[in-house]
Amino acid sequence: MKILLVYPYFLDKRINEEDVSVIPMGLYYVGSMLRANGYTVDILNGHNLGRAPHRIYQVLGDKQPDVVGFSILHANRWGGIDIARMVKKVNPKTAVVFGGVGATFLWEHFLTHFPEIDYVVRGEGEHSFLELIRFLEKKRGRMPAHIDGLAFRKKGKPVKTRDREQLTDLDSLPMPADHFAFQHISLTRGCPEGCTFCGSPAFWKRRVRFHSAEYFVTQMEMLREKGVNFFFVSDDTFTLKRELVIDICRRILERRLDIVWAAISRVDCVDEEMLGWMRRAGCTQISYGVESGSRELRDRYRKRFSEAAICRAFDLTVRHGIMARAYFIYGAPGESDQTIDESLAMLRRIRPLSAIFYVLDLFPGTALYEDYKQRTGATDDIWLERIEDLLYFETDATLSKAAVLAFGRRLREGYLSLLPEFAAQIDLIDDPQLYPLHADFLSRLALTFSHGDYAVNPLIKDNLATAVMLFERSLSYHPDHRAFWGLGLVYQHLRRFDESLAILQRGIQHHHTSIDLHMALANSLMRLNRYPEARQCLEAIPDHPRAVEQLIRCCRFMGDRESEQYWIGQLNRLQQA
């Protein structure tokens, strides 16, 4: 039996496409469970196929699946419905299965209104989906009522089976890295908290289960062998078990994985020792849900931590050379100019080096969504409209769209105007063992100001001056390659060529074989018409195509036709190889 697992597209275009481009981890777990049991499984990342139905039809024609399973978060449900209709058009006998958090909470809605959906897997999906596949192989006119965690139609009416008990041993699951390559990994399932805007409490029942350190790090190691060296640890709260986190970090260091990773945590679930281990093991960013500077609004979200805990977590995180990123929500019940002022004041206190501001959405399965239905008498039929989501302010007469958009502008503009100041106030712990990591942290941040997102944002003033300050400070800790290179490029941009030459030459003394440093130095020399020196610099890296292209240019400007022809031949050989 051939199975195709699909991550469908969303309706609305994102400013940051990476927000929706990543296949959910659960799809890899389901796929690995099926492959481990002998089934042919393919995964289609359809996040960008909303305007390319011909490509979907091509995949369906090529794969000819017997079963197509969909990962439904919620906002991509219409993409799933659209593709399900394509599946039935290609082959009406193909079974269509919806699963994921969005399908779990809207199982009855889907089965009532969309005949192209045959089954819904509710909750944790690995065993339910596997049992459904086995049932479909042997189906003889019966209903799969014996399979827990399932929903289907009986005599045309949606019915569900018993809820499936959650796995007690996550390590018993086949390891997805045996079958797939990916960057997003997870240590846990579930969250003990009850945030009113989040579906996790209802989906996971506020119970948390953990992989072992051995399983987690082995998966990292296997993915590292496949070429993955940056990971997003996507748990709701990675740091719930302090000793487990430290054990993981020890193993990463013992195995010399040489990886970089980012995690999500709560401000009341980190401490100094843990952060030190995380940084040494490659963690470069931790995201914290602050949500609001208003105590009253945090209480409405059920964010049960103090302002002191928020400030402490951000201070300790940055002191260890880890970027502390803040999540804020606006447009909440009771949001006002005063609560926005409180959020801006909080930003000034915690000085996050990255922040994301979300307008409050209502999603099925959340406490806020249930409150909305009780307040208004609305039903799940609102999702028959072809929309991704429902913004809270659309349900609250005390909030207007114009006011909420203004709240968002105030937060973003206020934060971005303060970023250079926050960068200048970075205070790092004075630990010589962390100096190389401090240099790495500062040069990463500097590159964001010189060449990354902060470089092109008009709301951020003095971005190049901030970058120079951070690169120079990085080099005060350690001869960091990125800092030499980035500072040399900034000096080039500012036409401070003598300073560019000096810093790049100094960098090459520490990093003799660096292609980037040699290329940047040659560029500065060529812009000063010092072609013989640029040529000498480039000849140190004769096997790099970009260097050879510049060597050809040098020879041409110097009038050395014989050498020019030689390097043209060398370039042809490199390109053919």
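Quick notes on this one:
- Verdict on Asp247 being open to solvent by 10 Å² or more (accessible area, probe 1.4 Å) and touching a strand residue (DSSP E or B) at 6+ places or on another chain (Cβ under 7 Å): no
- Some residue of segment 220-234 being surrounded by fewer than 17 Cβ atoms within 10 Å (Cβ to Cβ), at positive phi and either not hydroxyl-bearing (Ser, Thr, Tyr) or not in a helix (DSSP H, G or I) (or both): yes
- Scope segment 451-481; condition touching a Leu at 6+ places or on another chain (Cβ under 6 Å), part of a loop (DSSP other than H, G, I, E, B) and buried (at least 17 other Cβ atoms within 10 Å of the Cβ); matching residues: Ile460
- Glu291 being surrounded by fewer than 19 Cβ atoms within 10 Å (Cβ to Cβ) and touching a residue at least 12 places away in the same chain (Cβ under 8 Å): no
- Hits in segment 47-76 - residues which are within 24 Å of the chain's Cα centre (by Cα), open to solvent by 10 Å² or more (accessible area, probe 1.4 Å) and more than 21 Å from Ser128 (Cα to Cα): His47, Asn48, Gly50, Arg51, Ala75
- Of the helices (runs of 4 or more DSSP H) lying entirely inside segment 482-577, those carrying at least 1 residues that are under 30 Å from Phe449 (Cβ atoms) and either open to solvent by less than 10 Å² (accessible area, probe 1.4 Å) or modelled with pLDDT of 95 or more (or both) are 497-510, 515-527, 531-538, 545-558.
- Arg153 being open to solvent by 10 Å² or more (accessible area, probe 1.4 Å) and part of a loop (DSSP other than H, G, I, E, B): no
- Pair list, Cβ under 8 Å, 6 or more apart: segment 256-267 residue touching a residue at least 12 places away in the same chain (Cβ under 8 Å), other residue open to solvent by 10 Å² or more (accessible area, probe 1.4 Å) and among the basic types (Lys, Arg): Leu257/Arg224; Asp258/Arg224; Ile259/Arg224; Val267/Arg312
- Restricted to helices (runs of 4 or more DSSP H) entirely inside segment 332-432, those with at least 2 residues that are closer than 19 Å to Val101 by Cα are 367-376.
- Condition check for Gly79: touching a helix residue (DSSP H, G or I) at 6+ places or on another chain (Cβ under 7 Å), crowded, with 18+ Cβ neighbours inside 10 Å, on the phi < 0 side of the Ramachandran plot and not β-branched (Val, Ile, Thr): no
- Residues in segment 27-46 that are surrounded by fewer than 21 Cβ atoms within 10 Å (Cβ to Cβ), more than 18 Å from Asp62 (Cβ to Cβ) and in contact with a strand residue (DSSP E or B) (Cβ under 9 Å, 6 or more places away or on another chain): Ser32, Arg35.
- For segment 94-122, the tally of residues that are outside any loop (DSSP other than H, G, I, E, B) and free of Cβ contacts under 8 Å to residues at least 60 places away in the same chain stands at 12.
- Looking only at residues in segment 23-43 that are part of a helix (DSSP H, G or I) and among the hydrophobic types (A, V, I, L, M, F, W, C), the one that is nearest to the chain's Cα centre (by Cα) is Met25.
The values are calculated or read from the model by the stated rules, or taken from the named source; none is laboratory data. Note that the structure is predicted; figures quoted are calculated from it, not measured. Reconstructed Cβ throughout: ideal geometry from the backbone, glycine too, with neighbour counts over all protein chains shown. Side chains are part of the model used for accessible areas, which takes the heavy atoms of the whole protein and leaves out ligands, DNA and RNA. Shrake-Rupley method; radii C 1.70, N 1.55, O 1.52, S 1.80 Å.
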